[in-house]
Amino acid sequence: MSVSKGIDPRGPRVGASITAVLLAAVVLLGASTAGLWLLTFIMLSFLLGTLRGAEGSWQGMLFKKFVRPRLGPPGEMEDRRPPRFAQGVGLFVTAVGVLLGFFGVLPAVPIAAAVAFVAAALNAVVGLCLGCEMYLLMRRAGLVRA
Amino acid sequence: MLGQVIALVVLVLGTAALGVWWSARQGAVRAPREVPAGIDWSSAGITLAERVTFVQFSAEVCAACRSTARVLGGLTGSSSGVGHRELLVDDHLDLVRKLGVLRTPTVLVVDGGGREVARMSGVVSDTQARQALNRVPLTAGAEADGEGQS
């Protein structure tokens, strides 16, 4: 994997704020079919971000096209792997909600959205990457491999 | 609908509280954790510096590890007897368990004798690193030098 230049660190944070707003909407929709569909859409966005990296998700594209041209160059570039790992954690959390939702457990939809909201909002506002914080704990528990 | 609005407000407030708490803890210099004595640093491939060694536990998926490594690396260049060693947690899981390291980056401040004198976790600023450095007296390194060999 080539990590020559890295990505603009503000990209994933802008993307996370868009995602956080959508997740808040799922919480407002509550245990409903509409909420389930919106969460499914968010899950697919995380899938795209996991496969292509945060900069390859549609939120990343929006940042590149509309936000970045209005900003100065970033102070430094960031490795693309941490934000991509975070996308994978988002995918896992939302997928659990979506799966349970499609099996008829609709209350799981706003709950999964709430968990993902905490992670996305913290990422957007204070730059916390919850998935990265949890990485070592998951490694210690044998839940993920290097 | 009212229930959902209340749920969202509680969620936002809880998230904000979590964010403030987390931000305040970043890189704060804490007391060392009680760990079984006699960590064999050399078997982990770490040669200790004379006075202080910042032993940093990092992961590939950790963006804060990069900036922390830059800060600590800069400090070793400007102070004598100070070293910085970075370990990937994936390669040293046994050491991670033994030392009770829970997140990356975690930085152990180790004196010349191999004893942990402080630890920091989260992104470390230059000020915090210097604060940690001041916990080790200037003479300690030379005195304790022989003890680390056993």
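Each reported figure results from applying straightforward, stated rules to the coordinates on display, with no laboratory input. Just so it is clear, the model here is predicted, and its values are computed rather than measured. Quick reminder, even Gly has a Cβ in these numbers, built from the backbone with ideal geometry, and neighbours come from all protein chains shown.
What separates the Cα centres of region A:68-146 and region B:1-58 is a distance of 18 Å.
3J(HN,Hα) along region B:48-54: 6, 6, 4, 9, 9, 10, 8 Hz, from the Karplus curve 6.51 cos²θ - 1.76 cosθ + 1.60 with θ = phi - 60°, whole Hz, x for Gly and Pro. How far is helix A:130-140 tilted off the main Cα axis of chain A, in degrees rounded to 10, range 0 to 90? Roughly 80 degrees, rounded to the nearest 10. Compared with the direct C-alpha span, the chain from B:Ala44 to B:Val12 gains 7.2 nm at full extension, assuming 0.36 nm per residue.
Under a Cβ-Cβ cut-off of 11 Å, what is the net charge of the residues other than A:Gly56 that fall near it, where Lys and Arg count +1 and Asp and Glu count -1? Mind dumping the intermediate values first?
Values: positive: A:Arg52, A:Lys64, A:Arg80, A:Arg84; negative: A:Glu55.
Net local charge, A:Gly56 excluded: +3.
Residues whose amide H comes within less than 5 Å of that of A:Arg80, counting only those at least five positions distant or on another chain, are A:Ile7 (H built at 1.01 Å from N in the peptide plane). Here the residues B:Arg33, A:Arg80, B:Arg97, A:Arg10, ranked from fewest to most Cβ neighbours within 10 Å of their Cβ, fall in the order B:Arg97, B:Arg33, A:Arg10, A:Arg80. Spin-label model, B:Glu34/A:Trp37: points 7 Å from Cα along the beta carbon direction are separated by 5.8 nm. Taking amide H as placed 1.01 Å from N in the peptide plane, B:His84 has its amide H under 5 Å from the amide H of B:Phe54, each at least 5 places away in sequence or on another chain.
Restricting the trypsin sites (Lys or Arg not before Pro) of region A:91-146 to loop positions (DSSP other than H, G, I, E, B) with no more than 10 neighbouring Cβ atoms within 10 Å leaves A:Arg145.
Net charge within 12 Å of A:Gly11 by Cβ-Cβ distance, Lys/Arg positive one each and Asp/Glu negative one each, not counting A:Gly11 itself?
+4
Residues whose amide H comes within less than 5 Å of that of B:Ser121, counting only those at least five positions distant or on another chain, are B:Gly27, B:Ala28, B:Val107 (H built at 1.01 Å from N in the peptide plane).
Per-residue 3J(HN,Hα) values for region A:87-95, derived from phi via the Karplus relation 6.51 cos²θ - 1.76 cosθ + 1.60 with θ = phi - 60°, read 4, x, 5, x, 4, 4, 4, 6, 5 Hz in sequence order (x marks Gly and Pro). Taken residue by residue and averaged, Cβ atoms of other chains lying within 10 Å of the Cβ of A:118-130 number 4. Residue by residue, region A:109-125 carries 3J(HN,Hα) couplings of 5, x, 5, 4, 5, 5, 4, 5, 4, 4, 5, 5, 5, 5, 4, 5, 8 Hz when phi is fed to the Karplus relation 6.51 cos²θ - 1.76 cosθ + 1.60 (θ = phi - 60°); x denotes Gly or Pro.
For peptide B:7-13, the mean count of partner chain Cβ atoms within 10 Å of a residue's Cβ comes to 5.
Taking other C-beta atoms within 10 Å as the exposure proxy, B:His92, B:His84 rank B:His92, B:His84 from fewest upward. Over all other residues within a Cβ to Cβ distance under 14 Å of B:Asp94, the charged ones net out to +1, with Lys and Arg as +1 and Asp and Glu as -1.
The fewest-to-most ranking of B:Met1, B:Met120 by surrounding Cβ atoms within 10 Å reads B:Met1, B:Met120.
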